[in-house]
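Working notes, beginning with the structure itself.
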Amino acid sequence: MKSKTVYVCQNCGASNPRWSGKCPSCGEWNTMVEEAQVKKTATEERRFAAITGTNIVGKARPVLLTEVEQESQERIFTGIQELDRVLGGGIMRGSITLVGGDPGIGKSTLMLQMCSHLQAIHPLYVTGEESLQQIKSRAGRLGLDFTNLSVLSETNADDIVLAMKNTDAGVIIADSIQTLFRPDIESAPGSVAQVRESAALLMQAAKALNKPVFLVGHVTKEGNIAGPKVLEHIVDTVLQFEGERIYSYRILRAAKNRFGSTNEIGVFEMSEDGLREVANPSEVFLSQRNAEESGTAVTAAMEGTRPILIEVQALVTPSSYNQPQRSATGLDYRRLQMIIAVLEKRLGMNLGHHDVFVNIAGGLKLDDPAIDLGVAAAIVSSFRDIAIPADMVLIGEIGLTGEVRAVVSVEQRVSEAQKLGFTSVIVPQAVMKRLPKNLAITIKPADRILKALMDVFGSER
Ligand code: TYD
Ligand code: MG
């Protein structure tokens, strides 16, 4: 086996013959690490073929398109609805899914709970992070049925593939991808080369054996699945498990999905005995709201096909600095700056000497423009120290001229508001024709932000 040294960026996976302080490909600093480059020899490829059971050695043989078998659309349901939804309707056979998230967020717990639901197809949980005893004690804590679950403490990817091949395991979880290595590769476990080659091998095996594989991966502080973005290209689906440590809610979202939409989210709550599905996220996200206070507004955001009511909190206080502070948690910072600029220019509010903090309660991250009106109202509410009516929901995008712009799925947002007992909702004028007549909830259309805020706070103010 010939090998020579290359420098591989631990962020983007690009390789270079020479070391440099800055990656020439992605521009990150101090990410180039020396790795032994492995040239696959013919024998090695044959060995790879033997392990995966594929016949990749030999001549390329084109076939007629009509002879190509259709990809099986058959899904395996995990029985965890929040997970099935994010996967695009269950697990695709022979697919490979990366489950990423910060350490301690609950990735192993989620995978173990999934195993309990997949007893019928004999799950295999491979751990390179924890001992089998630790897995057993977690399983005990969850109090679920694990009669048919096999566990394996192994980090050699080749051996894991052999275990996949030689057992009747119907789904394989490898926890975590950072601990895996291929003996043929000279670099250390956790390096880009090892992570990439191990994932590629497991991907081959998943396809060849038609057994779905889940890879657990830790996320670097930059938010990438540890180091290599290359992993995202290898796998079919990338799931991100997110949440703030201080809250017990966990959000599962698809960052990539070959078999479904990337808009859906799954909501869980971490409890004493594992992750609980949250069937009605709106209730959870509003549960700690103190409606009598100023600076809180309720808006309706779409997460995939589901409307979720959320609380926007704003705090506007006189600034002690020349340069006032702005802070956005859970929403786009530039969007917040834009909304502040519109309030200043179109409503004559002077926020130049005030700090403005805006927060989406519950640790959600939103990029739905329909929350603009809620954000604006929360800021005005805090600035004037007047509470927004407790039973009101605000929906609308704000444009630069101070207009309230139409948003999508307004019917679902309004019906969610109604379902949760809200009695009035401000919506963009332009969507009125899309809403049914005779709704039990009072609809207040607004074309301008001024009109909307007059409906919120009353015209005398
Ligand atoms: P874990 O699944 O180990 O996280 P990850 O694999 O993403 O690193 O979950 C770790 C946290 O979850 C840990 O702080 C303990 C907590 N936890 C509970 O609160 N309840 C439970 O039932 C379990 C199993 C874990
Ligand atoms: Mg873990």
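So is Val151 more than 20 Å from Ala200 (Cα to Cα), within 16 Å of ligand 2 (Cβ to nearest atom), within 28 Å of the chain's Cα centre (by Cα) and of a type in the set (Val, Ile, Thr) or not?
Here the answer is yes, as Val151 does meet what is asked.
Among the residues of the stretch 118-136, the ones that are within 16 Å of ligand 1 (Cβ to nearest atom) and without any contact (Cβ under 8 Å) to a residue 40 or more places away in the chain come to 6 in all. Of the residues Leu343, Leu275, the single one that is at pLDDT 85 or above and either closer than 26 Å to Ser424 by Cβ or over 18 Å from the mean Cα position of the chain (by Cα) (or both) is Leu343. Of the residues making up the stretch 90-99, just one is out of contact with any Pro (no Cβ under 9 Å at 6 or more places or on another chain) and more than 15 Å from ligand 1 (Cβ to nearest atom), namely Gly90. In the stretch 331-432, counting only helices (runs of 4 or more DSSP H) that sit wholly within it, the ones holding 1 or more residues that are of a type in the set (Gly, Ala, Ser) and buried (at least 16 other Cβ atoms within 10 Å of the Cβ) span 372-384, 410-419. Does at least one position in the stretch 100-108 carry a residue that is away from ligand 1 (no atom under 16 Å from the Cβ), assigned to a helix (DSSP H, G or I) and either under 23 Å from Leu231 (Cα atoms) or under 25 Å from the mean Cα position of the chain (by Cα) (or both)? There is no residue in the stretch 100-108 that is away from ligand 1 (no atom under 16 Å from the Cβ), assigned to a helix (DSSP H, G or I) and either under 23 Å from Leu231 (Cα atoms) or under 25 Å from the mean Cα position of the chain (by Cα) (or both).
The values are calculated or read from the model by the stated rules, or taken from the named source; none is laboratory data. Nothing here was measured: the structure is a model prediction, and the numbers come from that model. Positions of Cβ are generated from backbone atoms using ideal geometry, with glycine treated the same way; all protein chains shown enter the neighbour counts.
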